[in-house]
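Shown next, in structure tokens, is the structure this report addresses.
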Amino acid sequence: MKIAVPRMGNLPLIIRDLANRFGLEYIETPSFSERTVEIGAALAPEFACFPLKAVLGSFVQVLEAGADTLVMGGGHGPCRFGSYGEVQKRILEREGYSFKMLILDSPSTSLKDFHEGLRSILPRQHVRLPVLLRELLRVLSKVVVFDEVEKWALALRGLEAEPGAVDSALEDSREIIGRAFSSKEIKEARREAQSRFDGVPLDRERAHLKVGLVGEIFIVLEPYFNFDIESWLGRRGAVVERSVSISDTVYPGGRNPVFGYNDRIVAKAAAPYLSHEVGGDGLLTVGATTIYARRGFDAVVHLLPFTCMPEVIAKGVLARMSSELDIPVLSLSIDEQTGRAGVQTRLEALLDLAWSRRRKGRTAGTAAVGEEGGWKVEDKTFKAAQ
Amino acid sequence: MKVGIPRALLYHHYGERWLAFLDALGVEAVVSECTTDDIITAGAFRADNETCLPVKVFSGHLLWLMDRVDAVLVPRVVSQERGTCSCPKFMGLPDLARSLDPDLPPVLAPRMDLGDRRYLWAREWYGVARSLNGSRVSSAAAVAGLLHGLSGYRAREDDGLPVGDMKIGVAGHLYNVHDHRVSLGLLDRIRSMGATPITVDEVPSRQIHKHAKTLSHRIFWGFERRLVGAVLHWSRTADVSGIIFVTSFACGPGSIVGALIEDQLDREGSVPLMTITLDEHSAEAGLVTRLEAFTDMLRHTARVARRINALQDAGNGGGP
């Protein structure tokens with residue numbers, strides 16, 4: 001049995017870890033390319049949202065590479081993501097591929113279904129529930145650390161004294177964390193990564209902008225589709241904070257350890273503009289934008305796949321928030337026809353606007369990095385104000 | 001005090017109940033006029049350019065109401081049935097409405113969550129009733145009346161229109177299909193071609209649930225679940241000669257459900273299916289041509305089937 005899982009941000013690193021832990025045989029899904037998107041767009045329904053098409057394309061590629069079991073996330077609405085697996089399965093079957101599709105719903109929906117799903121792909125010695133849970137909790141703590149180092153990189157890239165220093169620290173940290181196995185080793189790896197980031201030479205006097213990155217998780221996390229917006233902003237001296245990450249999505253209880261604000265705070269912040277859950281990351285987008293605006297960010301970039309239902313609602317609401325909270329917000333909808341130049345021109349315009357607002361004193365500019373306790377990049381002032 | 005209700009989206013499902021609610025409070029209700037070109041243009045111009053056509057139409061109706069009323073009623077319909085949820089657009093609709101124009105009158109947005117326990121959301125309606133200056137007693141009575149009216153789903157009665165030589169199932173949102181301008185008079189056009197259109201709300205609930213359950217995937221959007229159930233019912237009982245799936249540009253659930261229906265009907269090898277996508281441009285000629293081709297094709301298929309049957313009968317009868 002050769003398993004394949006779609007790509008998104010750090011997911012390939014996590015899958016590698018899971019495969020090592022449980023002795024799974026898996027095929028790494030090829031990274032996204034023009035061909036992936038072409039295949040996906042040709043097979044998928046015309047108005048389906050972009051992640052469905054992209055993932056479908058990569059499934060075709062990985063099936064051609066020899067995979068026979070596809071694992072996909074499930075859900076129960078209202079976002080279309082919950083139906084991806086079924087639609088993709090039907091399309092691939094019609095195309096004549098033979099494979100098994102496992103649609104895994106979140107364990108909080110039904111632990112039994114989740115367990116049974118995993119049992120069908122895991123080797124027998126791992127399927128006992130206590131062992132499984134212990135290993136999954138370890139993976140979870142590792143996922144959090146993977147996202148934390150990314151958060152540090154986002155906060156420091158705009159300040160680095162020599163270009164590429166942060167990226168190499170990020171690479172090394174991923175390598176270090178990837179090797180960790182037990183809980184103790186993971187903690188140790190986090191410390192090591194932290195000291196690696198401590199060694200990055202910074203130019204603290206440099207004027208920088210603070211930019212919030214919000215939106216739909218797939219587009220925000222996958223550099224191929226957002227044209228590597230994180231490094232792009234970093235190279236232009238912007239300190240970036242991001243609202244979505246894999247660990248916040250899978251972390252039980254809505255604590256959002258990486259973003260730093262739990263679901264209740266987010267919902268409360270969003271309430272004047274959007275007072276109900278709309279599925280996907282819609283509410284998070286609105287809540288995070290409010291939080292960033294109150295913390296004095298210079299601009300917010302909102303990334304969404306074309307026609308994404310929750311994000312389109314957020315986009316409509318963001319237009320009003322932008323004027324009421326006095327913060328520039330740029331919504332970029334991405335699909336298979338979006339061009340790099342168009343996105344970058346608009347981003348440049350946004351940064352120019354933010355700089356001119358800064359010069360006119362309309363935004364004060366906030367300290368990029370609070371230094372107590374290592375690389376603490378979150379700002380507690382908002383929580384205190386609540 | 002005048003309260004406006006846009007004649008769009010779920011007004012086509014629950015409009016009567018909402019009007020009865022306002023009536024019980026003695027509040028004057030203003031329903032926007034039937035969709036016109038101007039309403040669609042205004043809505044498409046002001047609403048976010050990526051939203052689906054029905055939300056643009058809704059925005060147009062809202063703008064029409066703007067100067068005519070003191071408040072607008074935009075209930076937040078979270079679910080329409082137990083175990084399902086609505087399209088995200090309905091959940092965020094009041095917030096979208098508030099973001100549309102700063103000069104908009106206050107938006108009253110009581111929650112309507114038919115899949116959940118009544119007492120959890122009925123108090124929001126009570127709050128709205130009180131804010132419209134209803135007394136305690138009349139507010140409670142209005143809410144009770146609303147809850148009573150909403151309990152149970154009734155299939156639409158036969159409307160006594162002429163019956164054609166064949167039936168065509170029209171699977172689409174009621175707010176598209178029953179809006180004469182948005183659907184470009186689809187139902188009337190089908191009637192004028194000598195066929196009888198049947199819409200999703202004419203299929204009994206039991207049939208819908210029976211067939212929706214057989215699908216390998218549980219569809220979580222309430223109306224889409226009905227729609228798929230109705231389509232499977234039509235195709236499996238051969239109740240109709242053909243099915244037209246009507247969706248609107250950028251409809252999220254429609255894109256998924258359309259693909260599922262197409263695939264399922266293809267696997268079951270049943271009645272022909274045509275998909276029509278509506279948008280704000282009124283391309284009537286295109287619609288008419290496609291409808292004519294579809295009905296001609298259905299009639300031709302029926303003729304061929306009859307001839308083959310006749311030949312077979314003749315062959316059976318004449319043999320030794």
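Each residue of the range A:167-180 was assigned a 3J(HN,Hα) from its phi angle through the Karplus expression (A = 6.51, B = -1.76, C = 1.60, θ = phi - 60°), giving 4, 6, 4, 5, 4, 4, 4, 4, 4, 4, 5, x, 7, 5 Hz with x at Gly and Pro. If you wrap the range A:207-385 in the convex hull of its Cα atoms and look at it from every side, the mean projected area works out to 10.2 nm². Please give the Cα centre distance for the range B:214-285 versus the range B:1-77, rounded to the nearest Å. Centre-to-centre distance over Cα atoms comes out at 27 Å. Mean partner shielding of peptide A:275-286, defined as the number of other chain Cβ atoms within 10 Å of each residue Cβ, is 4. P(r) tail for the range A:17-118: Cα pairs beyond 22 Å make up 32% of the total. Using the Karplus relation 6.51 cos²θ - 1.76 cosθ + 1.60 with θ = phi - 60°, the per-residue 3J(HN,Hα) values for the range A:200-209 come to 6, x, 10, 10, 6, 7, 5, 6, 9, 9 Hz, with x marking Gly and Pro. For B:Ile244, nonlocal amide neighbours, meaning residues 5 or more places apart or on other chains whose placed amide H falls under 5 Å from its own, are B:Gly169, B:Val170, B:Ala171, B:Met274. Once the C-beta distance of A:Glu162 and A:Arg134 is scaled by a Förster radius of 30 Å, the resulting FRET efficiency is 0.10 to the nearest 0.05. Stokes-Einstein diffusion for the range B:201-276 at 10 °C, viscosity 1.306 mPa s, with a Kirkwood radius from C-alpha pairs, works out to 128 µm²/s.
Equivalent ellipsoid of the protein assembly as shown: semi-axes from √(5λ) of the C-alpha gyration tensor, largest first, are 46, 34, 23 Å.
Working note: Debye formula, equal point scatterers on the alpha-carbon atoms of the range B:2-150, no solvent; log10 I(q)/I(0) at q = 0.10 Å⁻¹ is -0.32. Please give the helix A:183-198 orientation as an angle from the longest Cα principal axis of chain A, in degrees from 0 to 90, rounded to the nearest 10. Helix A:183-198 sits at roughly 30 degrees to that axis. Amide hydrogen proximity for A:Met101: with H placed 1.01 Å from N in the peptide plane, the residues at 5 or more positions away or on another chain lying under 5 Å are A:Leu70. Packing around the peptides A:14-20, B:196-202, A:63-69, taken as the average count of other Cβ atoms within 10 Å per residue, puts them in this order, highest first: B:196-202, A:14-20, A:63-69. Among B:Thr277, A:Thr285, sorting on how many other beta-carbon atoms sit within 10 Å of each Cβ, with the fewest leading, yields B:Thr277, A:Thr285. Length gained on full extension, A:Lys184 to A:Thr109, computed as 0.36 nm times the residue gap minus the Cα-Cα distance: 24.0 nm. Work from the charge dipole of chain A (Cβ charges, +1 for Lys and Arg, -1 for Asp and Glu, about the Cα centre) and give the residue of A:Gly57, A:Ser168, A:Leu284 farthest towards its positive end. Working it through, the farthest residue towards the positive pole turns out to be A:Leu284.
Taken over chain A, the percentage of Cα pairs per 10 Å bin, counting from 0 up to the bin with the maximum distance, is 5, 22, 33, 27, 11, 2, 0.
Two numbers describe the Cα atoms of the range B:163-320: Rg and Dmax, which are 17.0, 63 Å.
3J(HN,Hα) couplings calculated from phi for the range A:256-266 with the Karplus curve 6.51 cos²θ - 1.76 cosθ + 1.60 (θ = phi - 60°) are, in sequence order, 6, x, 8, 5, x, 10, 7, 4, 5, 5, 4 Hz; Gly and Pro show x. By the helix-only formula, in which each DSSP H run with n ≥ 4 contributes -39500 (n - 2.57) and the sum is divided by residues, the protein assembly as shown has a 222 nm mean residue ellipticity of -16000 deg cm²/dmol.
Among the listed pairs A:Lys142/A:Lys187; A:Lys151/A:Lys210; A:Lys112/A:Lys187, which are separated by more than 19 Å between their Cα atoms? Long pairs (Cα-Cα over 19 Å): A:Lys112/A:Lys187. Going by neighbour counts of Cβ atoms within 10 Å, the residues B:Lys89, A:Lys360, B:Lys210 line up, fewest first, as A:Lys360, B:Lys210, B:Lys89.
Sort A:Asp352, B:Asp23 so the one with the fewest other Cβ atoms within 10 Å of its own Cβ comes first.
Least crowded to most crowded, the residues run A:Asp352, B:Asp23.
Springs join every pair of Cα atoms under 10 Å in this Gaussian network model of chain A, and among A:Gln344, A:Gln125, A:Gln88 the largest mean-square fluctuation is at A:Gln125. Dipole size of the range B:171-320 about its Cα centre, with +1 on Lys/Arg Cβ and -1 on Asp/Glu Cβ: approximately 520 debye, rounded to the nearest 20.
Please state the equivalent ellipsoid semi-axes for the range B:159-233: what are the square roots of 5 times the Cα gyration tensor eigenvalues, largest first, in whole Å?
Taking √(5λ) for each eigenvalue gives 25, 14, 9 Å, largest first.
For chain B, a Gaussian network of Cα nodes joined below 10 Å ranks B:His173, B:His12, B:His61 by mean-square fluctuation, and the top entry is B:His12. Anyone know which of B:Ser32, B:Ser138, B:Ser241 comes out most mobile in the 10 Å Cα GNM of chain B? Largest GNM mean-square fluctuation: B:Ser138.
Peptide B:52-61 has a mean shielding of 1, counted as Cβ atoms of other protein chains within 10 Å of each residue's Cβ. Working value for chain B: equivalent-ellipsoid semi-axes of 40, 22, 17 Å, each the square root of 5 times a Cα gyration tensor eigenvalue, largest first.
Taking the DSSP beta bridges with both ends in the protein assembly as shown, the antiparallel portion is around 5 percent.
Amide H contacts of A:Arg242 (H built 1.01 Å from N, in plane; Pro and chain starts excluded): A:Leu213 sit under 5 Å, all sequence-distant by 5 or more or on other chains. Projection of the Cα convex hull of the range A:137-204, averaged over all directions and equal to a quarter of that hull's surface, yields 3.9 nm².
The charge dipole of the range A:3-127, taken about its Cα centre with unit charges on the Cβ atoms of Lys, Arg (+1), Asp and Glu (-1) only, comes to about 260 debye.
Every number in this text was worked out from the coordinates using simple rules, so none of it is lab data. Keep in mind that what you see is a predicted model, and the values were worked out from it rather than measured. We place every Cβ from the backbone using ideal geometry, glycine too, and count neighbours over all the protein chains shown.
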